[in-house]
Structures are given as structure tokens and as C-alpha cells.
1. For K159, which lysines qualify as cross-link partners when the Cα separation must be under 18 Å and same-chain residues fewer than eight apart are set aside?
2. Find which of F116, Q65, N97 sits farthest along the positive direction of the dipole of region 55-186, computed with +1 on the beta-carbon of Lys and Arg, -1 on that of Asp and Glu, about the Cα centre.
3. What order, most packed first, do the peptides 180-190, 138-148 have when packing is the mean number of other Cβ atoms within 10 Å of each residue?
4. Going by average Cβ neighbours within 10 Å, how do the peptides 211-219, 98-106, 196-204 rank, with the highest at the top?
5. Which one, L126, A229, Q269, is farthest towards the positive end of the dipole of region 124-275 when Lys and Arg carry +1 and Asp and Glu -1 on their Cβ?
6. As an exercise, take the mean of 1/r over every pair of distinct alpha carbons in region 120-211, invert it, and state the Kirkwood radius in angstroms.
7. Could you pull out every one of the lysines with an alpha carbon less than 16 Å from that of K141, ignoring same-chain neighbours closer than 8 positions?
8. Highest first, please rank the peptides 32-44, 249-261 by the mean number of other Cβ atoms sitting within 10 Å of their residues.
Amino acid sequence: MSAAGGQGRPFLRVFLAPEVTYSRSTGENDQVSRSQQRGLRRVRDLCRVLQLPSTFEDTAVAYYQQAYRHSGIRAARLQKKEVLVGCCVLITCRQHNWPLTMGTVCALLYADLDVFSGTYMQIVKLLGLDVPSLCLADLVKTYCSSFRLFQASPSVPAKYVEDKEKMLSRTLQLVELADETWLVTGRHPLPVITAATFLAWQSLQPSHRLTCSLARFCKLANVDLPYPASSRLQELLSVLLRMAERLAWLQVLKLDKRSVVKHIGDLLQHRHTLVRKAFRDGTAEMEAGEKELRGRCQGPEQGKEEVASSSLDLPEGKRPASPTPLLPPCMLKPPKRICPPPPVSTVTGDENISDSEIEQYLRTPQEIKDFEKAQAARQAARSVSNPP
């Protein structure tokens, strides 16, 4: 009995031990949830759609797994988890200097750009990653290669076909010019590149292509027309006109935004000098003019009047144009602030009139006496109705 009892104690001890719940075991940590499995599959599928190397796919999967370990990501909504797939792929491409834009990923995932950009910044900060900025030159090469303007086809006439290397070289120069004049900073790059590509294509054969619009150009090239591309085109043309004013043999010509396209090659050849003269020298002239006006204003009173009226007496067409400083467009043309409408006060005539306001309307001594009598009668009536 003793042996049996001795052998039975460990047996009883095993069954009397406290139960270990499944959540405390290691099995739950080793198992991948269905949501994470679906996200990992979408990461791999997106990498294959973009035809990325296998090393990119492994890195993007590793980033997704690291991000999914955080409780804030696991408890996020389904929309954010879908966007997380594109964020990990985009981070991997940026780190390997692969030309891929945020807009392209959003289009493939049917994701909202604001949600995507917010999640992207959150993941970069959460994982402590060092992500370089997008290289414009690589993006220009990749984006321009998708234009179907380098081979004749039934949809593209022969006069619209252009050499790929020439067009790419001039587009790069125009994009660099836009970057130097603050047209790229803080903006989506594709509209700027689209406008630069259109100007480069026009300038190589202006006699046949000046009549072609930006919308028709994008249709011929089989690319989508970004919404702000027309605005970026006008800004680029304004910069080119300012540069043409500083080129000696173009000063005698009355150029406009259409005819300046013919001389883009000459303007790009002397780009650095013309940008310095058109903008920085203009700012220096503005400062010199202000100093001169200050010096004149310190003279006698007659000199002050002459200085103040000298520019105003001239007609508007002959007044000297103030030079445009080299500043971002958002500072040159700040957005207009919406002024709230003043509160509307409706007067019905039933408003209470204070005693001090009544006294303002009393003019003659007789009116004052009548008012005092009325006040005394009113006080007497109150005392009778409310005896002490």
C-alpha cells in the first residue's frame, strides 16, 4: 500500500496542479493571425506586380512583421492595415533608391492619399527607419520611359515621334530648373515632370508641335494628365519668360508664353547665369530702390512730396515693374483668407432703452423737467404699490 501510495502521490500531484491557459502558452505567440497572413500575402503580391527584386520583397515582409508587433497597428482599422502594405513596400523602394511614388502605390491599392501619407510617417517613426528622399532624376527616367512617343504608330503621327535620349536630357534640365526656382519643393513631382516633358517635347520641334495642347499630348503618350500639371506648366513658362528678359538677343523680341518655347534650348544653355540675373539681381534692385527712396525722404518737405508723387504721376503702363524675388509660389501668392461675415443685428423696436440712453436724446430744459416729473411719478407709484 505504501508503494502504491508513494507512486500515487505524483500522479495526484499532476492532476491537482493549476491549469495553464492557452493565452499563457507559447502556442499563441507562434501562430500568425489571419489578418497578418492576408497582409503578408498582399505585400508579396504588390512586390510582384511592381516587378521588384526578391530582396525587396523580403525586406518589405520583414518591415510588415515588425510593424504588426505593435499593439497600435494590430488594433487599427482594416483601412489602415491595407495601407500598411503599401507603406512597407514604398519604404523598401526608397531605401534602395527605386523610383516609386506614393501616388502610384495609392492607385494600385485604391487608397486615400491622406491616410497613406499619415500611416507612412507613423511607420517610419515607429520603426525608427532612415528613409532617403525620392531621387528626381531616376523618377524622370522611369516616368518618361512610359511615354509612347518614341516609335511611330497609328495613334502617333510621324511629326510627333521624338528621340528618347534627346527628350529625356531636355526634360531633366527643365526639372532641375523647376527645382532651382522652388516649383518642386513640397509638391507632388509627377505634375512638374509632366509639364517639363511637354515643354521639352514641344521645344525640340516647335514648328509642328506648338499647336498641340497638354491634354492632347498626354493622350498621345498614353499617360494620365495630373490635375495640377497645367498650373505647373504656367509657372514654368513664367520662369522661362523672366529668364528670356535677361538674354541679350531675346530682349528685342516680344516673347509670350507660346513663343518662348522656341528658345528653351538657348535658355537652358545659360540657365544658371540667367536665373541669378532674373531673380537675385531683381531682389538686389528692389533693396537698392528702397534705400534710395529712404534717402530722398530724409530731405526737405518738398522732396518728400516729389518722391511720393513721382511714381504715382506716371500712367500704370509706364510705371517700373517691381522685380519678383526668388521665393516659393506659396509665398509670392499666399492663399486668400476667408473673412467671417459680421454678425447681423436685427432691430425689432421692442428692445429695452436704458435711462442713460434716454438722457442723450433730451435737448430742451422743458424735456428735462418733464422727464424728471415722470421719474418722480413712477417712483411714487412704486412706493404706493409696495408699502413698507
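1. K219, K262
2. Of the candidates, Q65 comes out farthest on the positive side.
3. 180-190, 138-148
4. Packing proxy ranking, top to bottom: 196-204, 98-106, 211-219.
5. Value: A229.
6. Every distinct Cα pair counted, the radius reaches 14.9 Å.
7. Straight-line reach from K141, under 16 Å: K164, K166.
8. 32-44, 249-261
Read the figures in this text as sums done on the coordinates, not as results from a lab. In this text the structure is predicted, and so the values were computed from the model without any measurement. Here Cβ is always computed from backbone atoms with ideal geometry, including for glycine, and neighbour counts include all displayed protein chains.
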